[in-house]
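To start, the structure itself, in structure tokens.
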Amino acid sequence: MESTRVDRWLWAVRLTKTRPDAAAACRGGHVRVNDKPAKPATTVVPGDEVRFRIGGTTRILDVVRVIQKRVGAPDAATCFVDRTPKPPPESAIPVARRDRGAGRPTKRERRVLDAFRSQDS
């Protein structure tokens with residue numbers, strides 16, 4: 001049966017840019033194989049479930065094929081089945097936001113904000 005290290009597999013299927021990034025994710029507790037925390041040397045075989053947290057989202061992947069060398073994106077996409085649930089839809093209600101670092105609102109902007117907030121109530 002063919003198997004490979006989880007850090008090498010994450011890099012080979014293009015989920016991380018570099019292999020050290022994949023190893024760091026494993027050491028940081030962001031990777032789980034079959035619901036167990038994975039070290040970089042944890043082996044994966046076809047049929048395993050890999051949970052990989054990246055950018056605030058957790059991707060749930062089923063290993064279909066094990067590869068050890070980095071391949072092109074179309075080939076890499078055939079090595080796993082992505083079972084990540086769809087993100088919830090964003091609210092359609094507009095939210096009043098100010099640019100970060102814009103300082104305090106002026107008196108005119110404050111009146112507009114107060115009017116906006118009173119419409120919701």
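In region 81-97, which residue that is among the aliphatic types (A, V, I, L, M) and open to solvent by less than 90 Å² (accessible area, probe 1.4 Å) is modelled with the highest pLDDT?
Among residues in region 81-97 that are among the aliphatic types (A, V, I, L, M) and open to solvent by less than 90 Å² (accessible area, probe 1.4 Å), the one modelled with the highest pLDDT is 81.
Please specify each residue of region 43-78 satisfying the condition of being closer than 23 Å to residue 29 by Cα and in contact (Cβ under 8 Å) with a residue 60 or more places away in the chain.
Within region 43-78, 66, 67, 68 qualify.
Which residue out of 110, 59, 27 is open to solvent by less than 80 Å² (accessible area, probe 1.4 Å), basic (Lys, Arg) and over 21 Å from residue 2 (Cβ atoms)?
59
How many residues are surrounded by 15 or more Cβ atoms within 10 Å (Cβ to Cβ) and either of a type in the set (Val, Ile, Thr) or not in a loop (DSSP other than H, G, I, E, B) (or both) when one looks only at region 2-20?
Residues in region 2-20 being surrounded by 15 or more Cβ atoms within 10 Å (Cβ to Cβ) and either of a type in the set (Val, Ile, Thr) or not in a loop (DSSP other than H, G, I, E, B) (or both): 12 in total.
Looking at 104, 111 in this structure, which one is in a helix (DSSP H, G or I) and at negative phi?
111
Restricting attention to region 21-33, report how many residues are without any contact (Cβ under 8 Å) to a residue 24 or more places away in the chain and part of a helix (DSSP H, G or I).
Final tally of qualifying residues: 6.
Considering every residue within region 66-74, establish whether at least one is open to solvent by less than 30 Å² (accessible area, probe 1.4 Å) and under 25 Å from residue 87 (Cβ atoms).
There is no residue in region 66-74 that is open to solvent by less than 30 Å² (accessible area, probe 1.4 Å) and under 25 Å from residue 87 (Cβ atoms).
The values are calculated or read from the model by the stated rules, or taken from the named source; none is laboratory data. Only a predicted model underlies this, so the values are computations on that prediction, with no experimental measurement involved. Because the Cβ atoms are built from the backbone with ideal geometry, glycine has one as well, and the counts that use them run over all protein chains shown. Please note that ligands, DNA and RNA were not included when accessible areas were found on the heavy atoms of the full protein model with its side chains. Shrake-Rupley method; radii C 1.70, N 1.55, O 1.52, S 1.80 Å.
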